[in-house]
1. Apply the Debye scattering formula to the chain, with a single equal point scatterer on each alpha-carbon and no solvent, then give log10 I(q)/I(0) at q = 0.14 Å⁻¹.
2. Rounded, prolate or oblate for the stretch 230-318? Axes are the square roots of the Cα gyration tensor eigenvalues, ordered a ≥ b ≥ c, and the cut-off for rounded is a/c under 1.5.
3. Report, in degrees rounded to the nearest 10, the 0 to 90 angle that the Cα long axis of helix 272-283 makes with the longest principal axis of the chain.
4. Label-point separation (nm) for residue 345 and residue 96, each offset 7 Å from Cα along Cα-to-Cβ?
5. When only C-alpha pairs under 8 Å and at least 6 residues apart count, what is the relative contact order of the chain, in percent?
6. Just to compare against my own numbers: the Cα pair-distance distribution for the stretch 174-235, 5 Å bins, whole % per bin, please.
7. So, in Å, what gap is there between the alpha-carbon centers of the stretch 299-354 and the stretch 223-281?
8. Nearest-5 percent of antiparallel DSSP beta bridges in the chain?
C-alpha cells in the first residue's frame, strides 16, 4: 500500500535526518530495512522506550556487525536486492567500511545511493562535526529567525535536520528512482542540510534582492515585525496566531475583533508598533476559546497556538486524521494524502535488531546462512 509500494530500501541506522527520511519513504509504502549496529540491539527481553522513537516506525531492523567482513558481505548482498540505500555518516565512513558508492554500485548498477550529511560530501567543512543549528547558521536562515533586539532563535531542528535534510534526501531519492526507470542506471544523491536549508530560503533571498526584506531581525512581514503576522496573548494566558497578510483578510480580522475605524491599516511599517498595541489590547479582553468562536473558520486567518498535547484533539485535526495512535503513542499520520494509493498505518518502531532473522529471510537470505552468521556473532537480535 502507498505510492512507493514495491520499492526496497536499505537504511544504515543513524540519528536525526536519516531516520526521518527513511520514515517518510516507509510511510509512503516502501519496504525499508534498517541495519543497526549489533551492539545497539541490547537485551531485547527488557522493556525499552523503542515505541516512542516515532521516526523509526514502519520498518524492520536487522543488527549486523559491519566491522566483520561477513557483515559487510551480507550488507552488500542486501544492497544488491535494493532499489535505494540511505546513509548519514561523515564523508568517507562508508568507503572505509567497504560500502561506499563504488562498492555498492558495482554490485547493483541501478542503485540509488542516498547520502545525508550536514556540510555535504565535499567543501572545506565536509569532514567537520556539526549539528542542525550550525548548518542553518551558514545559510542566513538562523539570522533571520527571531524577534527584534533578541538573539537568533533556534527553530527546533526543523529547518536543518528535517526540512533541509530529511525532506530533501527523501525527495532526492524519489527523483533518482524515477530517473532510473528510464536510464537503468543508479547514481549518488548528495543531500546536505546546508544546501537544503539554503534552498528553503529561496523566497527570502528573492525578497531581499528586491529590497522588500531587510536584515534587521523581527522587522519584516513574516518574522514578527508586522502587526498582522504575530501571536497575541488572550485573557486566559493562551496565545492566538494572527496572519491576515492580504488587505481583504486584514479588514475582516479588524472587523471581527472590533478594532475601530481609526486604527492604522498596517500598510505602512511605521504604523506596526501602534497597530500591535491596539490589537494586543483587543485580544487581551477575551479568552482564546472566546476568540476562536468568533474568528476560526473565517477569512481572518487566525488559529489558536496549541501545544503538542492539545493539537491532536483539535476538531480539524481529528476530522482529517492528522494524528494517529500507534502502539499507544499519539503521533503525526503519514503525509501527504493520496486518493488511490493510500498508505497503510505505519507499524510501531522496532527495537534495534528485534526482527533480524525474519527481516533477512524476507530479503532472500537463506535460513542456513542466517544461523551461521548468528553463531559467528555477525548478526544479533531476534
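1. The computed values of log10 I(q)/I(0) come out as -1.21.
2. Cα axes put the stretch 230-318 in the prolate bin.
3. Tilt relative to the chain: about 90 degrees.
4. 4.4
5. 23
6. With 5 Å bins starting at 0, P(r) equals 4, 13, 13, 14, 12, 9, 9, 9, 8, 5, 2, 1, 0.
7. 31
8. Bridges in the chain that DSSP calls antiparallel: roughly 35 percent.
Laboratory data are not the source of any read-out in this text; all were calculated from the coordinates shown. Quantities reported herein were computed from a predicted structural model and do not represent experimental measurements. Don't worry about glycine lacking a Cβ; one is built from the backbone with ideal geometry, like all the others, and counts go over all protein chains shown.
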